[in-house]
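This report refers to the structure that appears directly beneath it.
The values are calculated or read from the model by the stated rules, or taken from the named source; none is laboratory data. Being a predicted model, the structure only gives us computed values, none of them experimental. In this analysis, Cβ positions are derived from the backbone assuming ideal geometry, glycine residues included, and neighbour counts consider all displayed protein chains. Ligands, DNA and RNA are stripped out before the accessible areas are found, and what is left, the full protein with its side chains, is counted by its heavy atoms. Shrake-Rupley method; radii C 1.70, N 1.55, O 1.52, S 1.80 Å.
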Amino acid sequence: MVLGNNFNHIQSAHCENGVTTNLLNHAGLSFMTEPLAFGLGSGLFYFYLPFLKVGTGPAISFRTMPGKIFSRTCKSLKLDVKSAKFSNPVNAEKELDKLLQKGYLLGCQVGVYNLSYFPIEYRFHFNAHNIIVYGKTDTHYLISDPVMDTVTKLSPEELNEVRFAKGILAPKGHLYYIKKSNAIDDNVIKTGIKTGIKRNVRDMLYLPGQIGGVAGIKYTASQIRKWRDDLGVRRSGQYFAQIIRMQEEIGTGGGGFRFIYAAFLEQAAKYVKDDSLIAISDEFTKSGDLWRQNAVNMAAVLKGRNTEQKDFNAIADVMLEIAEVEKQAFRRLSKINFQ
């Protein structure tokens, strides 16, 4: 038995964007791009949870919660989608096989640590990775991991292991798919763009508290100034390593997501007929450049080259600059009068 011969793998910068783009293209919606999926799904975000540890550092994210990009994008396009989680691998595998037999492409949330096709240096305990299972042979499942340049395979045992990885954000066999597609006109896309932008403005500017959005970036900067005294240089280096990992190695992270959002605004301008979005996109490109620059600064502390308080302060200063750039960009977006 071989299923899935008609699937076209599209590589992407980030896993959930890529799964969403691949599933929608396979469903006949060829207009969908990774930036458009990211923007419709209001994917841009930031939060810092110092009280929740992931590995050797605090929980940090540069994107919205796992699953939201897919669900929001499909909802904005009025698509019929289904998802499920399972209490044990046996039932999860049975449902997976049944849906494959019916011809569905299946998005799956998995843990990274035991993905056999990942390079060793990229494997660690992170359970919010997304892949597509697009078919099956007699011995293996056919896998499309959008961050890889080509398709691959996993044995049933390997797939069950990563689908039921333990820890924070445990996947619990989570799968999702498009049950039924429909024709999409530009008005539907235009409405989805408006909703996606407004939701992103809310998430980055108006969430209560100090750990999310622009306020979260400022809060992180204030904490970084204290790390050298409170944690010591070695422990601070581990915390910086956590930021770098989440920013640069998990999908696209901080800088890359800002570049993707800039590309989304450029594409959105054509649908909503408003070139002011193109000018605002430049601000997100600037933010992306600053995030990438600061990752280099953090790495210098991690490697023991720059360990003085002034080096910590310089990193915090760049984060405050990033917060201001993103605040002004989202304020400009909030003032656009979409017709």
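What do you reckon, is Val19 touching a strand residue (DSSP E or B) at 6+ places or on another chain (Cβ under 6 Å), open to solvent by less than 40 Å² (accessible area, probe 1.4 Å) and either among the β-branched types (Val, Ile, Thr) or over 28 Å from Thr152 (Cβ atoms) (or both)?
Yes, satisfied.
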Listed by first then second residue, the pairs whose first member lies in the range 193-221 and is farther than 16 Å from Lys335 by Cα, whose partner is among the basic types (Lys, Arg), with beta carbons under 7 Å and at least 6 positions apart or on separate chains, are Val214/Lys327
Pairs returned, first residue in the range 14-36 that is charged (D, E, K, R), second residue that is open to solvent by 10 Å² or more (accessible area, probe 1.4 Å) and in a loop (DSSP other than H, G, I, E, B), beta-carbon separation under 8 angstrom, 6 or more apart or interchain, are Glu16/Pro66; Glu16/Gly67; Glu16/Gly251; Glu34/Ser12; Glu34/Ala13
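Just the residues that are out of contact with any helix residue (DSSP H, G or I) (no Cβ under 6 Å at 6 or more places or on another chain) and of a type in the set (Gly, Ala, Ser), please, taken from the range 14-47.
Here is the first cut: in the range 14-47, the ones out of contact with any helix residue (DSSP H, G or I) (no Cβ under 6 Å at 6 or more places or on another chain) are 14-15, 18-19, 22-31, 33.
Scanning the range 14-47 gives Gly18, Ala27, Gly28, Ser30.
Right, Lys180: more than 29 Å from Arg258 (Cα to Cα), modelled with pLDDT of 95 or more and open to solvent by 50 Å² or more (accessible area, probe 1.4 Å) or not?
Details: more than 29 Å from Arg258 (Cα to Cα): yes; modelled with pLDDT of 95 or more: no; open to solvent by 50 Å² or more (accessible area, probe 1.4 Å): yes.
Against the criterion (more than 29 Å from Arg258 (Cα to Cα), modelled with pLDDT of 95 or more and open to solvent by 50 Å² or more (accessible area, probe 1.4 Å)), Lys180 does not qualify.
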Filtered residues of the range 37-64 (kept if in a strand (DSSP E or B) and more than 11 Å from Gly212 (Cα to Cα)) | Leu44, Pro50, Phe51, Leu52, Lys53, Val54, Gly57, Pro58, Ala59
Would you check which residues across the range 295-309 are assigned to a helix (DSSP H, G or I) and either farther than 15 Å from Gly237 by Cα or touching a residue at least 60 places away in the same chain (Cβ under 8 Å) (or both) and list them?
-> Val301, Leu302, Gln309
Answer yes or no: is there a residue in the range 173-188 that is touching a Pro at 6+ places or on another chain (Cβ under 8 Å), under 17 Å from Ala84 (Cα atoms) and of a type in the set (Val, Ile, Thr).
-> no
Buried (at least 23 other Cβ atoms within 10 Å of the Cβ) and touching a Pro at 6+ places or on another chain (Cβ under 8 Å) - does that describe any residue in the range 219-238?
-> no
Please list, ordered by first then second residue, the pairs with beta carbon atoms under 7 Å, 6 or more apart or interchain, first in the range 166-177 and surrounded by 16 or more Cβ atoms within 10 Å (Cβ to Cβ), second among the polar types (S, T, N, Q) and assigned to a strand (DSSP E or B).
-> Pro171/Gln109; His174/Ser83; His174/Gln109; Leu175/Ser83; Tyr176/Ser83
Is it the case that Lys82 is without any contact (Cβ under 8 Å) to a residue 24 or more places away in the chain and surrounded by fewer than 20 Cβ atoms within 10 Å (Cβ to Cβ)?
-> no
Kindly list, by first and then second residue, each pair from a residue in the range 230-257 that is farther than 21 Å from Gly213 by Cβ to a residue that is at pLDDT 90 or above and polar (S, T, N, Q), limited to pairs with Cβ atoms under 9 Å and residues at least 6 apart or on different chains.
-> Asp230/Gln223; Asp230/Ser236; Leu231/Gln238; Val233/Thr307; Ser236/Thr307; Gly237/Thr307; Phe240/Asn297
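If I filter the range 32-46 for residues that are modelled with pLDDT of 90 or more, open to solvent by 40 Å² or more (accessible area, probe 1.4 Å), under 23 Å from Tyr134 (Cα atoms) and of a type outside the set (D, E, K, R), do I get at least one hit?
Here is the first cut: in the range 32-46, the residues modelled with pLDDT of 90 or more are 32-46.
Still in the running and open to solvent by 40 Å² or more (accessible area, probe 1.4 Å): 33.
Okay, now just the ones that are also under 23 Å from Tyr134 (Cα atoms), so 33.
So of that shortlist, the ones also of a type outside the set (D, E, K, R) come out as 33.
Within the range 32-46, one or more residues are modelled with pLDDT of 90 or more, open to solvent by 40 Å² or more (accessible area, probe 1.4 Å), under 23 Å from Tyr134 (Cα atoms) and of a type outside the set (D, E, K, R).
Any residue that is open to solvent by 30 Å² or more (accessible area, probe 1.4 Å) and part of a loop (DSSP other than H, G, I, E, B) - is there at least one of those in the range 141-148?
Looking only at the range 141-148, we keep the residues that are open to solvent by 30 Å² or more (accessible area, probe 1.4 Å), and these are 147-148.
Filter once more, so that each one left must be part of a loop (DSSP other than H, G, I, E, B): 147-148.
Yes.
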Unique match (being surrounded by fewer than 18 Cβ atoms within 10 Å (Cβ to Cβ) and not aliphatic (A, V, I, L, M)) among Asn160, Asn114, Asn130 = Asn114
